[in-house]
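The values are calculated or read from the model by the stated rules, or taken from the named source; none is laboratory data. Bear in mind that the values here come from a model prediction, so they are computed numbers and not experimental data. So basically every Cβ, Gly included, is an ideal-geometry build from the backbone, and we count neighbours across all protein chains shown. For accessibility, only protein heavy atoms count, side chains too; no ligands or nucleic acids. Shrake-Rupley method; radii C 1.70, N 1.55, O 1.52, S 1.80 Å.
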Amino acid sequence: MKAWSHIVIHHSLTADSGTVSWGAIRRYHTQTLGWQDIGYHFGVEDVNGHFEVLLGRPMWMNGAHCRELQMNQHGIGICFVGNYDLEVPGDKRLEAADHLMRWLMDFYHIPVENILGHREVGRLAGFEWTAGEYKSCPGKLFDMDAFRARYAEA
């Protein structure tokens, strides 16, 4: 079994259309970028008015979502479909990930402080997203401190 130590949170930077965009992201990663599979292990998306967790890359495979600090090898990638530079992720979208997050933390013994936004990994690697040196992912309006607080007692 792979030993994961972190969870890295992303956004797709695309509008969530309310239909399954996950397949489009997978096609982009595999057909356009030539990757073996979608880069993320899980996705959270609005599927016809219901927020769902979708499967991505198998858990036994390294990710292709964040190469800084070797997070592709150590961090489980979760992508929230949407552009959170432009809108705040709603409570229902965040709630959809609660069971997944709690299970991953429990099963892999991942402490809450190891839940990081992609931009936070960049900062730890020496890049500053607010200065334009790195991505804002999971979005300027995605409050990572509030997100982590959801799991502080997990």
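List of remarks:
- Extents of segment 13-66, taken as max minus min of Cα coordinates on every principal axis and listed largest first, are 31, 23, 16 Å.
- With every protein chain in place, segment 25-154: carbon and sulfur % of accessible area (1.4 Å): 51 percent
- Residues of type aspartates and glutamates that K140 reaches as a straight line, Cα spacing below 14 Å, ignoring anything fewer than 8 places off in the same chain: D85, E87, E120, E128
- Value of Rg/Rh across the chain [Cα atoms, Kirkwood radius]: 0.93
- For K2, the lysines whose Cα falls under 29 Å of its own Cα, not counting residues fewer than eight places away in the same chain, are K135.
- Accessible area per residue for the chain is 51 Å², calculated with a 1.4 Å probe on protein heavy atoms, without ligands, DNA or RNA.
- Within segment 72-111, the proportion of C-alpha pairs whose separation exceeds 11 Å stands at 72%.
- Ordering 24-32, 4-12 by mean Cβ neighbour count within 10 Å, with the highest value first, yields 4-12, 24-32.
- Relative contact order %, the chain, counting alpha carbon pairs below 8 Å whose residues are six or more apart: 30 percent
- Straight-distance crosslink candidates among aspartates and glutamates, where the alpha carbon sits under 17 Å from K92 and sequence neighbours closer than 8 are dropped: D16, E45, D46, E52, D143
- Sparse packing (at most 13 other Cβ atoms within 10 Å of the Cβ) combined with a DSSP loop state is found for none of the chymotrypsin sites (Phe, Trp or Tyr not before Pro) in segment 76-154.
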